[in-house]
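Below is one structure, written out as structure tokens; comments come after it.
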Amino acid sequence: MKSSALRHIRVCDFTGQLAGAGSTKWLAAFGAEVIRIEDPVRKGLWDILRAMPPFVDERRGHDFGGGFNNHNVEKLGITLNLRTERGRELLAEIVKRSDVVAENFASGVMERLGFGYERLRELRPDVIYVSNCGFGHTGPYAAYKTWGPIVQALSGLTFTSGLSGREPAGWGYSYMDHTGAYYQAIAILLALVHRARTGEGQWVDLSCTEAGLTLHGAALLDYTVNGRPMRRPGIPDSNRSQSPRMAPHGVYPTAGEDRWIAIACRDDREWAALAARIDAEWARDSRYAGRDGRIEQEDELDRSIAVWTQGQDRFALQEELQKAGVPAAAVQLPAERIDEDPSVTSWGLFPEATHSKMGRVRVDGLPVHFSKTDWHIEHGGPCLGEHNERVYGGLLGLSPSEIDGLRGEGVI
């Protein structure tokens, strides 16, 4: 059953990859009609995730990319050749019937296609246009193109990674893409609220690089207030957290290969509980009784705790420490969290969606539930041009013969 929250909203969607497609996925899951527009000539491959792994089986091609399916559940997919006059005419008709136009092309692409904000406003005066590119449409970097590792570096995320005394390693995944997608979804919803109150549409200009910059949090504050950079002698220490100041506050080895547990003692009471569980002479050392003493002796303390945790089962130790009132959590592998953790199963965070060619495939759900208008994911991402008949026939009123003609002319 489709969610009713945004059922009245239609989105003309040019987004791709994750930074854009991840935003309209939220809208679609809450019931918006999201019409994803792709190029029939390039087989939709402006979004390279269409043909990229992971794959569910031996089949390959633009309809089998697992990432694409994950980010485009519940959306309609059509093809439209905007190099043709008829294609541009059809897009204009879709825009007239849409509440939102969303895209994450490089700056200026929509203008070159003939559908910049002024043109969109001519077609629908109250349209909401949300663009999401590397640097937004203003400023000295507006014309620059970006990609995940580039944005990660420019936003400062790469600099904060790695081990002390080693080169930055990068975070290995596009966290700023996730953030950009979430910000774009929020921006669309806020613009819809404004339009509901005033009747006014608007252009919302989003910079994905600046979205990545917002992930630094306390590190930015520490630099601006105290002049301390994120990377300095001894920092970062990948196994020890520096903020807030507490000790122990790190990740320690447990039984098994590359198995770990995180332990944090926020105050002296929690340390006393941990020391009682350790029940060793070194844990009763008076230097560790107060937080300042533990921080001063943190290297020695961490070495001793690591020896104590080394042979223990991380999940059993987690449970024991939590019962004792000590914050602790096993460092879990993704598969353990997804397949074995009952909290994830009961939440329904990884529902199955039905893809037209792949069948039933598990996808990411949303980490939120509404008591009245919850999200719903049942249909997988669209195959290329899968909903041409539905959109061109049902929405625009074209006949089957007209649609066949468009296909023959290379318009769709």
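No value in this document is a laboratory result; all are computed from the given coordinates. If you're wondering where the values come from, they're calculated on a predicted model, not measured in any experiment. Don't worry about glycine lacking a Cβ; one is built from the backbone with ideal geometry, like all the others, and counts go over all protein chains shown.
When you check CYS208 against the structure, is it in contact with a Pro (Cβ under 7 Å, 6 or more places away or on another chain) and surrounded by 17 or more Cβ atoms within 10 Å (Cβ to Cβ), yes or no?
On the way: in contact with a Pro (Cβ under 7 Å, 6 or more places away or on another chain): no; surrounded by 17 or more Cβ atoms within 10 Å (Cβ to Cβ): yes.
No, not satisfied.
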>> Please go through the stretch 267-296 and give me each residue that is surrounded by 14 or more Cβ atoms within 10 Å (Cβ to Cβ) and in contact (Cβ under 8 Å) with a residue 40 or more places away in the chain, ordered by number.
In response: GLU270, ALA273, LEU274, ARG277, ARG291, ARG294, ILE295
> When only residues in the stretch 326-340 that are part of a loop (DSSP other than H, G, I, E, B) and not charged (D, E, K, R) count, which is surrounded by the most Cβ atoms within 10 Å (Cβ to Cβ)?
Replying inline: VAL326
>> Give me the helices (runs of 4 or more DSSP H) completely within the stretch 223-325, filtered to those with at least 1 residues that are out of contact with any Cys (no Cβ under 7 Å at 6 or more places or on another chain) and under 23 Å from GLY170 (Cα atoms), ordered by residue number.
In response: none
>> I'm trying to understand the selection: among the residues of the stretch 378-412, which are in contact (Cβ under 8 Å) with a residue 60 or more places away in the chain, of a type outside the set (A, V, I, L, M) and more than 24 Å from ALA29 (Cβ to Cβ)?
In response: TYR392, GLU409, GLY410
>> With the condition being in contact with a strand residue (DSSP E or B) (Cβ under 6 Å, 6 or more places away or on another chain), I'd like the helices (runs of 4 or more DSSP H) fully within the stretch 130-221 carrying at least 2 qualifying residues.
In response: 175-198
> Does the stretch 12-44 hold any residues that are in a loop (DSSP other than H, G, I, E, B), buried (at least 17 other Cβ atoms within 10 Å of the Cβ) and of a type in the set (A, V, I, L, M, F, W, C), and which are they?
Replying inline: PHE14, LEU18, ALA19, PHE30, ALA32
>> Condition first: closer than 19 Å to ASN69 by Cβ, of a type in the set (Val, Ile, Thr) and touching a Phe, Trp or Tyr at 6+ places or on another chain (Cβ under 8 Å). Now tell me which residues in the stretch 359-373 satisfy that.
In response: VAL363
> Looking at the stretch 307-318, which of the residues that are of a type outside the set (D, E, K, R) and surrounded by fewer than 17 Cβ atoms within 10 Å (Cβ to Cβ) is farthest from ILE235 (Cα to Cα)?
Replying inline: ALA316
